[in-house]
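Nothing in this text is a laboratory measurement; each read-out follows from the coordinates by a stated rule. A quick note: this is a predicted structure, and the numbers were derived from the prediction, not measured. All Cβ positions, even for glycine, are placed from backbone atoms using ideal geometry, and neighbour counts span all protein chains on display.
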Amino acid sequence: MSKAADLAKFGSGISGGILQVKYTQISATSQIACAADTDTEISVLAVNITPVSTNSIIKIESMVNGEWGVSSSVFNSTWFFYRDSTKLSAPAAGTRNVGILMGSSLSYQADDASSTPETANYMYFDTPNTTSQITYKVGVKQSENSTVNWNLNRCVTDSDIKDQERGISMICVTEIQG
């Protein structure tokens with residue numbers, strides 16, 4: 001179940017002070033179809049924030065647990081964020097797949113596509129220059145030749161046995177006074 005919360009409003013009045021923290025944390029499992037070479041939103045990992053100041057810096061953090069349906073997607077994917085519909089990532093570079101994190105981290109010394117979970121753990125600093133509400137979302141792009149499922153918070157086979165792990169994923173935004 002999704003849980004969003006406003007953790008703190010410190011308003012220190014000095015540059016670098018934390019103004020507010022919001023997050024969404026989910027333990028539900030799902031499959032997200034990721035078409036080849038297509039930016040894909042993971043819409044359940046989204047959080048809204050209304051910045052206090054146009055000078056604020058928004059620190060976006062995410063930890064995404066799950067498993068790709070094709071093991072080579074571990075190495076052939078990039079993770080990034082959206083600010084509303086704007087992709088936040090490295091700048092375009094020819095036909096390269098660009099993001100913030102290149103590939104998912106594998107939690108086992110050998111890959112498979114049924115019971116070896118992956119993790120994407122990354123962050124980004126954004127300067128949105130607004131006091132209107134913003135929705136930040138997790139995004140991913142995989143470069144296989146076909147649609148591949150990202151199995152959120154679960155393994156591909158998701159059987160009720162001890163080596164079929166499940167996890168929790170989250171996105172967190174911190175407004176920092178600029």
inquiry  = Run the paramagnetic zone check for Val52: 7 angstrom along Cα to Cβ, then residues of region 152-178 with backbone nitrogen under 16 Å.
reply    = 173-178
task = Percent of Cα-Cα pairs per 5 Å bin, from 0 to the last occupied bin, for the chain, please list those.
result = 1, 9, 17, 20, 18, 14, 10, 7, 4, 1, 0
query = How much of the calculated P(r) for region 90-178 lies past 21 Å, in percent of all Cα pairs?
reply = 48 percent
task = Could you work out the relative contact order of the chain, using alpha carbon pairs under 8 angstrom and six or more residues apart, expressed as a whole percent?
result = 39 percent
note = Taking 0.36 nm per residue of separation between Ile168 and Asp39 and subtracting their Cα-Cα distance, the length gained on full extension comes to 44.2 nm
request  = Please report, in cubic angstrom per residue, the volume enclosed by the convex hull of the alpha-carbon atoms of region 55-109.
outcome  = 126 Å³
request  = State, to one decimal in nm, how far the label point of Thr131 lies from the label point of Ser27, with both points 7 Å from Cα in the Cβ direction.
outcome  = 3.9 nm
ask   = Suppose R0 equals 22 Å; then what is the FRET efficiency for Asp84 and Asn145 from their Cβ-Cβ distance, rounded to the nearest 0.05?
value = 0.15
request  = Mind jotting down the distance between the C-alpha centroids of region 13-41 and region 63-80, whole Å?
outcome  = 16 Å
